[in-house]
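Reviewing the structure listed below.
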Amino acid sequence: MDKRALPREDRITIRTVLLRDIGGLFLVALAALLAVTLYFGSQSALVVLRDNAHNLMRGTARLLETHVEPPIIAAELIGKRVLEDVAPLDPISVEMVHTTMQLHSQIHAMGFFWPDGNFEVIASSGAPVRGTYAPGSREAQAVEEARQVAEPFIAEPIFSEIANTTLMTLRSPLFDHRGEYLGFSASAISLQDLSDYTSRLDLANGSVFVLDQNNSVIAHPSLTDSRVSERMTRERPLIHGSELGDPVLAALLDPAGHNSTELEVGDGIQVLTAEVDDRRFLALTDKVPVTPTVDYTVGIYVDETSSSYDDMIRYLIYGGIAGLVLIALAMLRLWQLAERIRRPVSELATASNAVAEFQFNDVPAIGGNNVQEFDDAAVAFNRMVLGLAQFGIYVPRSLVREILEHSEASGISSVDREVTVLFSDIVGFTTLSQSAPAEEVVELLNEHFTLMNEAIETEGGNIDKYVGDSVMAFWGAPAERKDHAAACLRAVRRIAELLRADNERRKQAGERVLHIRLGVATGRAVVGNIGAPGRINYTMIGDTVNIANRLEQLGKQVAPGTDLCVLVSKETTDAAGNPPDLEGVGEFELRGRSGSLKVYRLNLDRT
């Protein structure tokens, strides 16, 4: 009985389905996708450009704030102690000033000016300089200016004969509780230091600059060159931007040499473009108030070839053309594929019809095919027919699936390599596992290991194993990397951030919080395939592994009550470049090792 739903003439072949229906749908969908991608891609490129511009300007402004904010705060805090008394400063106050300048190396000097005509200046090295000033003098004008401003501000830069450089003074006027003016205190930083600090911003073929209201240079990478800074004198403490020797900055300051637009209406950020030596440069500038009446211009310029909206659009167009070419090639390949599919399926359909008629002896054998799936189907079908013919109505069923593991028989050779190893352990886990239900313990461990895994893999680390509640991870293998110690410490900082956020969530949910200890060690270890031929692990052995484990355990002694204790070996500290948040905690003898080991602790609360 023929159970076909449609007459033969109403049916279509697989080739037609693939070419007409699937191919046509694919063509329409891809064409629509290309059109949508081009449109939204161009809009997204503009949005990204704007967002990057805002982020870049905010980052630059924040970079400047982090350099000038400590001196302003220092001037205000020390001034409250000093200016309430009469000159001169007592020894304790002088020592406090020296200590402050040691902590904030950008401060070259601090000064204190009383309204009664006395002043005292303390340089970063040297004894205090005390004196008086006459009415109408530059010092007297500065005292009056600070009284009128009545809040911390950045004063006009002055050239210091003592420091032989131009200094920016950050002044803080002080008043007592009755509102009476006590004078002002000031911190002085050099323009070279400020320029060196701002030049750390990573810009491709670009620079950061700061200009005053007259377009004189406050900060620019060129000011770090002694040949440029020597041009600043008492009579001319600042260099105009057009005379600095930077042709791009000069073009940006020349009204005829650049074009200017506002990034977004009302945001204050100006976008400037200028062409210098057949290269186009893009600049972003913004105004930053330094006094109630004076603004500085903070700016960034980059080579437009490194960040160009036109390039984004051009690449989108290239992508569209490439997409059209791929459509044509895909349609051609689809036709070839349709033929390759049609032939074996037709053979299979003919043979299946014979099976449907229970004509097992008349079923034609399905030929082989160079497409693996079709060939496998042909072999399976032929075997099925043989089985049906042999067992009649009984059809054998196979439930066996073979899992193929692809690996080299020789494995990976073991090598001696410098690595950084991390061990972690949950504090009090044994007690927790005894008191909590097994399901809760497993869920807690899974969440904790997920957190650890995210931080470790983000920084390129490899998790060697989980042992109970402990994690062993390493950096520097299989692939060698020079920053393995620094990468490990970055992962540890990320672990601390994630753990504390997770603990805060647990507290609010009334769940158990976790405290962990971590040990980090750097040194040589043997890494590679270790184990029996049938069961091999890629792992490492050596003294470095033992040290990391012992440092984790040492956390019980060094910081037993903290939520997260990270102890680091001296080798890790040196390899990571002695980061400032690593603090020495002394020398310790580790169990199982002779001699003492200098140990550092990662200060996770350092700002």
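The values are calculated or read from the model by the stated rules, or taken from the named source; none is laboratory data. None of the values given here were measured: they were computed from a predicted structure. Here Cβ is always computed from backbone atoms with ideal geometry, including for glycine, and neighbour counts include all displayed protein chains. Heads up: the accessible areas ignore ligands, DNA and RNA and are worked out on the full protein's heavy atoms, side chains in. Shrake-Rupley method; radii C 1.70, N 1.55, O 1.52, S 1.80 Å.
Some points to look at:
- When the listed pairs Lys465/Lys598; Lys80/Lys598; Lys80/Lys570; Lys482/Lys507 are checked against a 30 Å cut-off, the alpha-carbon distance exceeds it for Lys80/Lys598; Lys80/Lys570; Lys482/Lys507.
- Residue (of His220, Leu244, Thr233) at the positive-pole extreme of the stretch 200-260, dipole from beta-carbon charges: Thr233
- Each part reduced to its alpha carbon centroid, the stretch 482-518 and the stretch 112-158 end up 48 Å apart.
- Local net charge near Gln508, Cβ-Cβ under 15 Å (Lys/Arg +1, Asp/Glu -1): +2
- Relative contact order for the stretch 457-534, counting Cα pairs under 8 Å that sit 6 or more residues apart, in percent: 21
- Sequence-ordered 3J(HN,Hα) estimates for the stretch 206-212 from the Karplus curve with 6.51, -1.76 and 1.60 and θ = phi - 60° stand at x, 8, 9, 9, 10, 10, 8 Hz, glycine and proline given as x.
- Efficiency of FRET between Asp416 and Lys482 - r from beta-carbon atoms, R0 22 angstrom, step 0.05: 0.85
- Within the stretch 558-607, GluC sites (Glu not before Pro) in DSSP loop having at most 14 other beta-carbon neighbours inside 10 Å: none
- Carbon plus sulfur fraction of accessible area for the stretch 455-607, probe 1.4 Å, in percent: 47
- Sum of side-chain charges, Met540 neighbourhood, beta-carbon under 12 Å (Lys, Arg +1; Asp, Glu -1): -1
- Dipole magnitude (debye, nearest 20) for the stretch 146-210, charges at Cβ of Lys, Arg, Asp, Glu: 120
- Taking the Cα centre of the stretch 487-607 as origin and assigning +1 to Lys and Arg Cβ atoms and -1 to Asp and Glu Cβ atoms, the resulting dipole is close to 280 debye.
- Here the spin labels are modelled as points 7 Å beyond Cα on the Cα-Cβ line, and at Val294 and Arg130 they lie 3.0 nm apart.
- For Val427, the residues whose amide H sits under 5 Å from its own are His515, Ile516, Arg517, ignoring neighbours fewer than 5 places away on the same chain, with H placed 1.01 Å from N.
- Our summary gives the stretch 142-245 a relative contact order of 23 percent, counting only alpha carbon pairs under 8 angstrom and 6 or more residues apart.
- Top positive-direction residue, dipole computed over the stretch 441-597 with Cβ charges, set Leu498, Thr458, Leu518: Leu518
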